[in-house]
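Structure record follows, encoded as structure tokens.
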Amino acid sequence: QVQLVESGGGLVQAGGSLRLSCAASGRTFNSYAMGWFRRAPGKAREFVAAITRNGLYTYYADSVKGRFTISRDNAKNMVYLQMSSLKPEDTAVYYCAAALVLRPYSDYGYDYWGQGTQVTVSS
């Protein structure tokens, strides 16, 4: 079993940056692809970014491509989401998730989810 805990959310002005972190428990972290998702008020959960188990391949939603970067440190059981040039429409609760089988751009097949961290971007 994998437990995920996100941190790093907060309030930031438009154009600013934040780095989200996701700490994973368990000794099998590098068996899982990792993803970041978000849910804005009144909207469905949406895919943000994903990274393969070895970190060689990454995937991004069009809305964040060029502004967000996903990375992982398997030695530390951590996954990160560096967010830059933030926009008010990036305001959402951000979740990290772990999947044994990665289906890019989809939330299908993720086995474990964190509790989320709030990101608010003011205009």
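The values are calculated or read from the model by the stated rules, or taken from the named source; none is laboratory data. Computed from a predicted structure; not experimentally measured. Here Cβ is always computed from backbone atoms with ideal geometry, including for glycine, and neighbour counts include all displayed protein chains. With ligands, DNA and RNA removed, areas are computed over all heavy atoms of the protein, side chains included. Shrake-Rupley method; radii C 1.70, N 1.55, O 1.52, S 1.80 Å.
Considering amide H positions built from the backbone, and no H for Pro or chain starts, which residues 5 or more places from GLY16, or on another chain, come under 5 Å of its amide H?
Result for GLY16 returns LEU86.
So what is the relative contact order for region 1-89, in percent, with contacts set as C-alpha pairs under 8 Å and at least six apart?
Details: 159 pairs, mean separation 28.2, N = 89.
About 32 percent, as a whole number.
Kindly provide the Kirkwood hydrodynamic radius of the chain in Å, to one decimal, from all pairs of distinct alpha carbon atoms.
14.1 Å
Ignoring ligands, DNA and RNA, how do THR91, THR58 rank by accessible area with a 1.4 Å probe, largest first?
Reading off the accessible areas and sorting them downward yields THR58, THR91.
Charges only on Cβ, +1 for Lys and Arg, -1 for Asp and Glu: so what's the dipole of the chain about the Cα centre, in debye to the nearest 20?
Dipole magnitude for the chain comes out near 120 debye.
Using +1 at the Cβ of each Lys and Arg and -1 at the Cβ of each Asp and Glu in the chain, identify which of PHE47, GLY116, GLN3 lies farthest towards the dipole's positive end.
Value: GLN3.
Please check the chain for the longest run free of trypsin sites (Lys or Arg not before Pro) that are loop-located per DSSP (anything but H, G, I, E, B) and have at most 12 other Cβ atoms within 10 Å.
77-123
Can you compute 3J(HN,Hα) from phi for each residue in region 10-20, using the Karplus curve 6.51 cos²θ - 1.76 cosθ + 1.60 with θ = phi - 60°, rounded to whole Hz and x for Gly and Pro?
Whole-Hz 3J(HN,Hα) from phi for region 10-20: x, 9, 9, 7, 4, x, x, 10, 8, 10, 8.
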